[in-house]
2 protein chains.
Amino acid sequence: MPGSIQSLERAAAVLRLLAGGERRLGLSDVASSLGLAKGTTHGILRTLQQEGFVEQEPVSGKYQLGAELLRLGNSYLDVHELRARALVWTDDLARSSGEAAYLGVLHQHGVLIVHHVFRPDDGRQVLEVGAMQPLHSTALGKVLSAFDPVARNEVAEGELAALTSRTVTGADDFESVLDLTRARGWGSDLEETWDGVASVAAPVYDRRRMPVGAVGLTGAVERVCDADGIQARLVAAVRDCARAVSRDLGAGRF
Amino acid sequence: MPGSIQSLERAAAVLRLLAGGERRLGLSDVASSLGLAKGTTHGILRTLQQEGFVEQEPVSGKYQLGAELLRLGNSYLDVHELRARALVWTDDLARSSGEAAYLGVLHQHGVLIVHHVFRPDDGRQVLEVGAMQPLHSTALGKVLSAFDPVARNEVAEGELAALTSRTVTGADDFESVLDLTRARGWGSDLEETWDGVASVAAPVYDRRRMPVGAVGLTGAVERVCDADGIQARLVAAVRDCARAVSRDLGAGRF
DNA sequence: GGCGGTTGGTCGGCATTGTCGACCCTCATC
DNA sequence: GATGAGGGTCGACAATGCCGACCAACCGCC
C-alpha cells in the first residue's frame, strides 16, 4: 500500500484524540499528545475548525469536536444499507420481546451500534447509536467474533478485560464460548458486561452469505432469563429477526 | 487568516460530497466532481478509508462514508454541554406536552438537531439527531435567526425556498416575522416546512447571555394548534423549558 | 507591579510531501 | 478479442505543509 497522506493521518489523530479525551483540549495539549510542533498542530486545527470538524471555545481557546461530524455521522446512517433493511424488523423485535433491540457492526476493535430501538415501556432511555461495545463480553460482540474472521482477529489481538465478575477473560475459555456460539448459531451475555444485564444476539448475512452484522436485544436479567438462561422465546425472536434481515439483504432462504 | 491545509480541505470536500450524493460514488465521479486528478483523489480516499472515515464496497469499488464518522459524531454529542444540560428538561417538555421535543443549534446555513425526544405515544418515529432543518421556515430556525446575529446573516445570504404553500419567501415579510419573534420571545411554524405540521420554539442562552441554541416541539397541526394558532399552554411549556436550560447553563434568572 | 511561566497564535525558510498525468490492469460489453 | 471505462499505481517535479523561533496576551506569584 503506497504512502498515505500525512496531514490527513494527523488530522484524524487529532479528531480521535478530541473524541477520546472527554473534555476540551488546548492547542499545547494536542501538540504534545501527538508529538507535533505547535505550528503544525495549529494549522491542522485551524483547517478542521474552518471545515466544521472542530469547534473552539471563544473564551478559553480550547478545542472540541465540531457539529459537522454529527451531520456526517447521520449521513452515514442514511446510506447504510444494512441499517435501512433492519429498521422495520428490529422494531418488530423490540415490540414482540418487550426489550431494547440493537443492530451492531464490527468497527475497529469493537461493536459499533448503528441502530437502537427503545424498550417499549417508556422509561427514560438514552440512545446508543454511535456508541461502541466490547467484542468479548457482549452478545453482539461474541456473535461477530464467532462468525466474522476479521472480528475474530481483532478480539484475539486485544485483551479480554474483566468488566464484571462474570466476564470470560481466559483465551481458551473464550475460544469455547465462540465454539458454542457457532454451534448453536446465537450468542449470549449473562452479566458479563454490565451487572444485572443480559443480552442475546444472532448474525446477519449479506447476499454473499458473509456475516455483516448482528442483531440482538438487551435487558434486565430478571426479565430476559429463566432458570435455564436466556428465555427460549427471546432466542427464537432474535434469530427470526436476524434471518428476516438477512433475507432482506438478499441472503436467500436458510 | 493564514493558509489552510489544502489536502485537508479537499478531504473535507470529499466527505461532504459523499454525504450529499445519496448513493455510493466511484473514484472517477469524485475526482471529476471536485476537479482533481484521479491520483490525487485516490490518495485522499485511500487515507480516509484507512482512518475509517470512508468505506469501499469490495465488489464495485465504490466509496461511501465510514463508520468512524458515526462514532465521532456520537462523541461530539457526549461533549456537547448544551445538550447535556437540556436532556432532562426536554424530556419533561415532551412528557408534559405530549409532542416530540427538539434541541437545535446553528450549523452552517441551517439548524442542526442535537437532541430529539420522541412523542410519548409509541408510534414508529425516526430519530432526527444529526439532521438539518432550514432556518427560514422552522420554529427553531426562526428563533435562531431572530436572536443570533450569525444565523441572521446566514439566512439573509441564502434564499427563502418555498417548502409549502405557506412558507414565507419574501425578504421583507421574513424580516417582519423575525421582528415578531423577537418581540414575543418565541417563534412558530404553521405548516411552513411540512404540510400538516406546526412547531414552536424559544431561545436558549449561555452564561454570557448569548443565544446558543433553541428548544421547541413539533407536532400535527390538529393537536398543536387551536383557533388562535399555537396553543398557549404549549408556548408556555416551551418557554419554560428554554428558561430552565438557560438557567442550567448559568444564564441566571430572567 | 514587575516577572517568570503559561497559553494561543504567527512567520519565513527549507525540504518533505502531496500533486499531477501518463500508464497499467481488470472487467464488462459488443 | 477488441474496446472502453473504471479503479489503481508510479515517478518526477515543485508546491506544499512542516518546523522551530518568535509574538502577544494572560495568570499567579513573589
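The values are calculated or read from the model by the stated rules, or taken from the named source; none is laboratory data. It should be emphasised that the depicted structure is a prediction, and the values quoted were computed from it without experimental measurement. Cβ atoms come from the backbone with ideal geometry, glycine included; neighbour counts cover every protein chain shown. Side chains are part of the model used for accessible areas, which takes the heavy atoms of the whole protein and leaves out ligands, DNA and RNA. Shrake-Rupley method; radii C 1.70, N 1.55, O 1.52, S 1.80 Å.
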Average accessible surface area per residue within segment B:96-136, 1.4 Å rolling probe, Å²
37 Å²
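For A:D248 and A:R233 in one chain, what is 0.36 nm times their gap in residues minus the Cα-Cα distance, to one decimal in nm? Intermediate values should be presented prior to the final figure.
Values: separation 15, 0.36 × 15 = 5.40 nm, distance 2.24 nm.
The span from A:D248 to A:R233 would gain 3.2 nm if fully extended.
For segment A:6-70, compute the orientation-averaged projected area of the C-alpha convex hull (one quarter of its surface), in nm². It would help to have the intermediate numbers written out before the result.
Working: hull surface 16.0 nm².
Mean orientational projected area (segment A:6-70, Cα hull): 4.0 nm².
Output the peptides A:136-145, A:177-186 sorted from most to least packed, where packing is the average of other Cβ atoms within 10 Å over each peptide's residues.
Details: A:136-145: 29.8, A:177-186: 16.3.
Peptide ranking by packing, descending: A:136-145, A:177-186.
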Please work out which residue of chain A brings its Cβ closest to the axis of the rotation superposing A onto B, and round that distance to whole Å.
A:G73, 1
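What part of the accessible area of the protein assembly as shown, given as a whole %, is carbon or sulfur when the probe is 1.4 angstrom?
That fraction is 51 percent.
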Can you list, shortest first and in nm, the gaps between the label point of A:G250 and those of its counterparts in the other copies, using a point 7 Å from Cα in the C-beta direction?
5.4
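Relative contact order for segment B:6-70 using alpha-carbon pairs under 8 Å, separation at least 6, rounded to a whole percent?
Numbers: 68 pairs, mean separation 21.2, N = 65.
Contact order relative to length: 33 percent.
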Return the lysines within reach of A:K38: Cα separation strictly under 24 angstrom, same-chain partners fewer than 8 residues apart disregarded; answer none if there are no such residues.
A:K62
In terms of modelled amide H atoms, which long-range or inter-chain residues lie less than 5 Å from the amide H of A:G66?
A:V54, A:E55
To the nearest 20 debye, what charge dipole does segment A:6-70 have about its Cα centre, counting +1 at the Cβ of each Lys and Arg and -1 at the Cβ of each Asp and Glu?
180 debye
What distance in nm separates the simple spin-label points at B:E175 and B:A37, each placed 7 Å from Cα in the Cβ direction?
5.1 nm
Those residues of segment A:93-107 for which accessible area with every protein chain present is at least 50 Å² below the isolated value (1.4 Å probe)
A:H107
How large are Rg and Dmax for chain A when calculated on the C-alpha trace, in angstrom?
20.4, 63
Given a 1.4 angstrom probe, what's the average accessible area per residue across segment B:6-70, in square angstrom?
42 Å²
Per its Cα gyration tensor (rounded if a/c is under 1.5, else prolate when a/b beats b/c, else oblate), segment A:190-254 is best filed as prolate
What angle, in degrees between 0 and 90 and rounded to the nearest 10, separates the Cα long axis of helix A:232-248 from the longest principal axis of the Cα atoms of chain A?
60 degrees
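If you take the C-alpha gyration tensor of the protein assembly as shown, multiply each eigenvalue by 5 and take the square root, what semi-axes do you get, largest first, in whole Å?
Details: eigenvalues 293, 181, 96 Å².
The equivalent ellipsoid of the protein assembly as shown has semi-axes of 38, 30, 22 Å.
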Restrict the search to segment B:5-43; then list the trypsin sites (Lys or Arg not before Pro) that DSSP places in a loop and that have at most 14 other Cβ atoms within 10 Å of their Cβ.
B:R23
Explain nothing, just compute: Karplus ³J(HN,Hα) = 6.51 cos²θ - 1.76 cosθ + 1.60, θ = phi - 60°, for every residue of segment B:50-62 in order, whole Hz, x for Gly and Pro.
4, 8, x, 7, 9, 10, 10, 5, x, 6, 8, x, 6
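Across peptide A:8-17, how many C-beta atoms of other chains are within 10 Å of each residue C-beta, on average? Provide the component values of the computation, followed by the final result.
Details: counts 13, 3, 2, 8, 9, 1, 0, 7, 6, 0.
Mean partner shielding for this stretch: 5.
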So if I place +1 on the C-beta of Lys and Arg and -1 on the C-beta of Asp and Glu, and nothing else carries charge, what would the dipole magnitude of segment B:80-249 be about its Cα centre? I want it in debye, nearest 20.
720 debye
Paramagnetic reach from B:Q125 in segment B:190-217 [backbone N under 11 Å; point 7 Å along Cα→Cβ]
B:217
Working from the alpha-carbon coordinates of segment B:62-203, get Rg over Rh, Rh being the Kirkwood radius.
0.98
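Tell me, what is the percent relative contact order of chain B, built from C-alpha pairs under 8 Å that lie six or more residues apart?
On the way: 424 pairs, mean separation 35.7, N = 254.
So the answer I get is 14 percent.
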Please build a GNM for chain B, connecting alpha carbons under 10 Å apart, and tell me which residue among B:I230, B:I113, B:I44 fluctuates the most.
B:I44
Interface buried area B-A, accessible surface with 1.4 Å probe, both sides summed, nearest 100 Å², comes to 5200 Å²
Would you mind working out the magnitude of the charge dipole of the protein assembly as shown relative to its Cα centre, with +1 at each Lys and Arg C-beta and -1 at each Asp and Glu C-beta, to the nearest 20 Debye?
620 debye
Where N is the number of residues in segment A:126-197, Cα Rg divided by 2.2 N^0.38 Å:
1.04
Length gained, B:R95-B:D226, 0.36 nm per residue minus C-alpha separation, equals 45.2 nm
